Amino acid sequence: MTLKDTILNKKHIHHRIRIEEMAEDFKRRHLSDRERVVERFERMCEKEKPVILDDQQIVMMRTVENLPDCFTAEEWDENRRHHYVHETGYVSNLLPDYESLIHDGLLPLYQKSDVYVQRELDALFSLCDRYQKEAEKMGRMDVAESFSWIPRKGARTLKEAFQFFRILHYAYLLEGGYQIVAGRVDQIFYPYLKKDMEERRLSESEALELVKDFFLSFNIDSDFYDGVQQGDNGQSVVLGGVDKSGKESFNLLSKLCLQASKENRLIDPKINLRVSKETPLEIYELGSYLTKEGLGFPQYLNDDVIIEGLIKKGYALEDARDYAVAACWEIIIPKKGFEVVNIGACSFPKVLEDVLHSKRKAETFDELMIQVKNQIEIECSQIISQYQQVYFVPAPLMEASLDIQYRNFGIHGTGCSTAVDSLWALKQLVYDEKQFSIDEIIEITDHNFEGYPDLLHRLRYELPKMGQNHSGCDDIACTLLKWFCESLKGKKNEWGGIFRAGTGTAMFYLDHANEIGASCDGRKKGEPFSANYSPSLYAKIHGPLSIIESFTKPDVCDAMNGGPLTLEFSSSMFADPQSIRKTALFVKAFVQKGGHQLQCNSVNLNDLKEAQHHPERFRHLIVRIWGWSAYFVELDKDFQDHVIARQEYAL
Amino acid sequence: MRGMIFDVQEMTVHDGPGCRITFFLKGCPLTCRWCHNPEGQHFEQEIMFVKNRCTHCGSCVQNGKRNPELCPTGALKTCGQQITSEELVQRAVKMKSTLEMLEGGVTFSGGEPCAQPEFLLDCLTQLKKEGIHTAIETSGYCDEIWFRKIIEQCDYVMMDLKLMDDHQHYQMTGVSNKIILKNAEILKNSGLSFCFRTPLIPGITDTEKNLSELALWIGQSPWEKIPYNELASVKYEQLNRTYSLK
């Protein structure tokens, strides 16, 4: 059985044990927050049992399956009364300085750190020493040799560097952090690869196997680290893009990482590919080959837009060029950021609903838009005023691994397309055609379109929508996003940082949709917004070209917190090298036109089956069938079965 | 000038060079038994019913008839839409720079695009004037004079050659292949960029005899063979028609 099979079939989890709860004990002993985190870390390390699996090159796995909370439920309640506690309260979405630590080893850090960090490092060293002994006992001298050197001293080879990363990542998570991302691995590790190859320790094919093993290590404990959903674990890596001096940095290791991800076919780590209009088409093609695998990545990040956006927000040029992403798409700066990239969200449809239910009814569309503008300002002020006395559980090792310079907060912008489509519907039906009065429309939407099936049909399927390259709708989108960004401009958070507007939704596309009733675009009460920066679910989409035309019109440079446009293609679109080249051209066109982030999904068999049960989630899924394409969910059941049957043959 | 289309698809990657927008013109003089776009055969608007999107809500029933305009789920839809050549051209012009980045352009398919010759020619001429790459997918069944005018406005022509035996061609497609072969000859000698295409229909077009006769006739010209699509039958049901190859 290969290591991958072992992990996929969960043959390694019989090693897992549990540890006792600690919070009551900590409370009784009146330990400080910091002492609790450190003591828990020590107890966890001590309880951990070194396990080295057959053929495993990059070792270290969690054997203690639970991570007891440091605080009791009552303590959390008390804390939340006095603080804004973000999510679980533990640190997240951070990117420590892997590069220097792996290069220098942990001893220099030990020497300059306080007693808390030193206690954690002592516990970690001791665990690593036990790994060394276990390796010696098992005759795995390669592993023993690594652990005799790292992590106290800096890595000498690519394999040691990967092993070092694994130790650090494991430690940050054991300290309580979650969604601790991996960052620009092709930049961090390239010097080790280069040296190994120059000194003839490693061939290219051996390096590929090593990268595959390294990526495999991200999957060994990933079931412990779920977020909103299993898989939402923040293990994202970033490849390519310019280096700190502005030069294209895509290197042999970047290529090997794409290759390893494609061959592993596992959801971790999640691949992000930085590109720009200068990036050669071959790199986009390598990305398309990975998209073809149907894993939902790479996600493309446009350097041209994001770097400029960061600079406008006050980031230093060198730092902006070194950007990476947090768990999903939010832009962060390695080692220098302690940012809460997903602290809150502004719902555009809620803004519109508030405007429509205010006392003063707009006489003209322009007046309505002014009301929307004012309401966005009010909403943003309310949102940001909530984040006072922000509390995070201390994380001594993580803090020691950062050189914090940026402390900004990110605010998602949700339901953009729903609000745009609703505003256009109001403009056309109320103010241009005067078919309904504003009060009538409000009445009808408040009653969820009951008794108005013809109007509902018209709103959903006939009126123009964002994503159809309709200049009227797209202009509204540009305006809404501009006002959103302006409303946050100049506002400071309590840490002295700024607020960054974004186009992402995270899980808010469901939560925010449930907060409000039906909307004027024909979305009934309870139906979701689209996820992230995408056309609304009812938009009759002309196709991907119109979508990218529409979604690249707004100036997203200012909304650089992030939030991708997501497009689904059938894997049949990637059938041959020619089609791969064409999808690469498509992604490059999106980048040339100034889009900021793009996820292209090649939909595989499982997705097609899912689409049968949840058509609402796959409205834009395109399948190619010989001379014509179709929206999968519009096909008859028996037709869908045919397509699925064909996919089953096309392995 | 007005024409009738039944679909527009963007980012088509198999309808000519680059990524394209393909307009499907409604109506075809042929009735190929294997036709996978039956909604492209009739020249008039018709109603399609997508069974699995219907929730049996009854909203569509009006005066004892079903009105697709009232369907809230899109299960009932009108197939066929009038469009002016100006509107059509404008849609492509609005994304001209993107089409250029994609090394693509506009393709006319069908139905049989040449069956609305004035409209097609008007669109092609305007697109050419705008500097947009043009292509057609045709059966070649078209009046010779029109055919010459049309291909002159095309940067790329994809033309079907289905069956060499005239009698069988008549049986399977409803028309003789004489006009088609004549136009194919014109295309061959036109100096234009083109390819011939043969759909491989089991037992009909993919016989050794037919393929070797085709090969002989086509000679050195570019020739693509396209695998058979078994899925066409479902669309016939949606149109309440019978699929004779089923």
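Within a Cβ distance under 15 Å of A:Glu285, other residues only, what is the Lys/Arg minus Asp/Glu net charge? Kindly include the intermediate steps, with their values, before the conclusion.
Details: positive: A:Lys255, A:Lys262, A:Lys292, A:Arg581, A:Lys582, A:Lys588; negative: A:Glu282, A:Glu293, A:Asp576, B:Glu103.
Net local charge, A:Glu285 excluded: +2.
Restricting to the protein assembly as shown, compute how many DSSP beta bridges are antiparallel as a %, nearest 5. The partial results should precede the final answer.
Details: 28 of 80 bridges.
Roughly 35 percent of the DSSP beta bridges within the protein assembly as shown come out antiparallel.
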Please give the helix A:281-291 orientation as an angle from the longest Cα principal axis of chain A, in degrees from 0 to 90, rounded to the nearest 10.
-> 90 degrees
Rotationally averaged projected area of region A:377-500 (alpha carbon convex hull; nm²) | 11.4 nm²
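Using Cα pairs under 8 angstrom and six or more residues apart, how large is the relative contact order of region A:480-576, in percent? Working shown, then result.
Details: 103 pairs, mean separation 31.0, N = 97.
Relative contact order here is 32 percent.
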DSSP loop (so not H, G, I, E, B), at most 16 other Cβ within 10 Å: list which GluC sites (Glu not before Pro) in region A:1-94 pass both filters.
-> A:Glu20, A:Glu21, A:Glu65, A:Glu87
With the label point 7 Å along the Cα-to-beta-carbon line of B:Arg241 and a cut-off under 18 Å to each amide N, the hits in region B:158-188 are B:170-176
About its Cα centre, chain B carries a charge dipole, from +1 on Lys and Arg Cβ atoms and -1 on Asp and Glu Cβ atoms, whose size in debye to the nearest 20 is 580 debye
Around A:Leu121, what is the net charge, scoring Lys/Arg as +1 and Asp/Glu as -1 over all other residues with Cβ under 12 Å from its Cβ?
-> -2
Comparing the chain by itself with all protein chains present, which residues of region B:95-124 are at least 20 Å² less accessible (probe 1.4 Å)?
-> B:Met95, B:Thr98, B:Met101, B:Leu102, B:Glu103
Of B:Glu137, B:Glu118, B:Glu103, which has the largest mean-square fluctuation in a 10 Å C-alpha GNM of chain B?
-> B:Glu103
Chain B: relative contact order from alpha carbon pairs under 8 Å, six or more residues apart, as a whole percent, is 21 percent
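About the Cα centre of region B:104-246, how large is the charge dipole given +1 on each Lys and Arg Cβ and -1 on each Asp and Glu Cβ? Please answer in debye to the nearest 20.
Working: 14 positive and 19 negative charges, 7 e Å.
In total the dipole reaches around 40 debye.
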Could you check the simple spin-label distance between A:Met1 and A:Thr63, using points 7 Å along Cα→Cβ, in nm with one decimal?
-> 1.8 nm
Work out Dmax and Rg for region A:468-610 from the C-alpha atoms and quote the Rg first, both in angstrom.
-> 17.0, 54
Residue separation between A:Ile404 and A:Thr364 times 0.36 nm, minus their alpha-carbon distance, gives in nm 9.5 nm
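Among residues other than A:Arg321 whose Cβ falls under 12 Å from its Cβ, what is the net charge (Lys/Arg +1, Asp/Glu -1)?
Values: positive: A:Arg184, A:Lys244, A:Lys247, A:Arg274; negative: A:Asp243, A:Glu248, A:Asp303, A:Asp304, A:Glu308, A:Glu318, A:Asp319, A:Asp322.
Result for the local shell: -4.
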Where the centroid of each part is defined by its Cα atoms, how far is region A:284-332 from region B:88-147 in Å?
-> 37 Å
Other protein chain Cβ atoms within 10 Å, averaged over every residue that makes up A:4-14 = 0
Equivalent ellipsoid dimensions for chain A as semi-axes, Å, which come from the Cα gyration tensor, largest first | 44, 30, 23
Please name whichever of A:Tyr284, B:Trp223, A:Gln389 sits farthest to the positive end of the charge dipole of the protein assembly as shown, dipole taken about the Cα centre and charges placed at Cβ: Lys and Arg +1, Asp and Glu -1.
-> B:Trp223
Taking alpha-carbon centroids only, region A:430-462 lies from region A:82-105 a number of Å equal to 49 Å
Calculated from DSSP helices alone, with each H run of at least 4 adding -39500 (n - 2.57) and the total divided by the residues of the protein assembly as shown, [θ]222 nm to the nearest 500 comes to -12500 deg cm²/dmol
Quick calc, chain A, dipole around Cα centre from Cβ unit charges on Lys, Arg (+) and Asp, Glu (-), nearest 20 debye, gives 940 debye
Among B:Phe147, B:Cys57, B:Thr125, pick out the residue whose Cα is farthest towards the positive end of the charge dipole of chain B, where Lys and Arg carry +1 and Asp and Glu carry -1 on C-beta, about the Cα centre.
-> B:Cys57
Length-normalised contact order for chain A - Cα pairs under 8 Å, 6+ apart - percent = 14 percent
Added length on full extension, which subtracts the Cα-Cα distance from 0.36 nm per residue, B:His167 to B:Ile226 | 19.0 nm
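Students often get this wrong, so check it: of A:Lys540/B:Lys94; A:Lys350/B:Lys235; A:Lys465/B:Lys77; A:Lys194/A:Lys262; A:Lys373/A:Lys540, which have C-alpha atoms separated by over 30 Å? Could you put the intermediate results ahead of the total?
Details: A:Lys540/B:Lys94 18 Å; A:Lys350/B:Lys235 41 Å; A:Lys465/B:Lys77 19 Å; A:Lys194/A:Lys262 22 Å; A:Lys373/A:Lys540 28 Å.
Pairs exceeding 30 Å: A:Lys350/B:Lys235.
How long are the semi-axes of the equivalent ellipsoid of region A:291-406, taking √(5λ) for every eigenvalue λ of the Cα gyration tensor, in whole Å from largest down?
Details: eigenvalues 245, 87, 47 Å².
Semi-axes, largest first: 35, 21, 15 Å.
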Mind checking the angle between helix A:252-264 and chain A's longest principal axis? C-alpha axes, 0 to 90 degrees, to the nearest 10.
-> 80 degrees
Treating the Cα atoms of chain B as identical point scatterers in vacuum, please give the log10 of the normalised Debye intensity I(q)/I(0) at q = 0.14 Å⁻¹, two decimals.
-> -0.97
Report the trypsin sites (Lys or Arg not before Pro) located in region A:271-336 that are in a DSSP loop and have at most 16 other Cβ atoms inside 10 Å of their Cβ, or state none.
-> A:Lys277
Inter-centroid distance (Cα atoms) of region A:350-411 relative to region A:168-207, Å = 37 Å
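The values are calculated or read from the model by the stated rules, or taken from the named source; none is laboratory data. All of these numbers come straight from a predicted model, not from anything done at the bench. Using ideal geometry, Cβ is built from the backbone for each residue, glycine included, and neighbour counts are taken over all protein chains shown. Please note that ligands, DNA and RNA were not included when accessible areas were found on the heavy atoms of the full protein model with its side chains. Shrake-Rupley method; radii C 1.70, N 1.55, O 1.52, S 1.80 Å.
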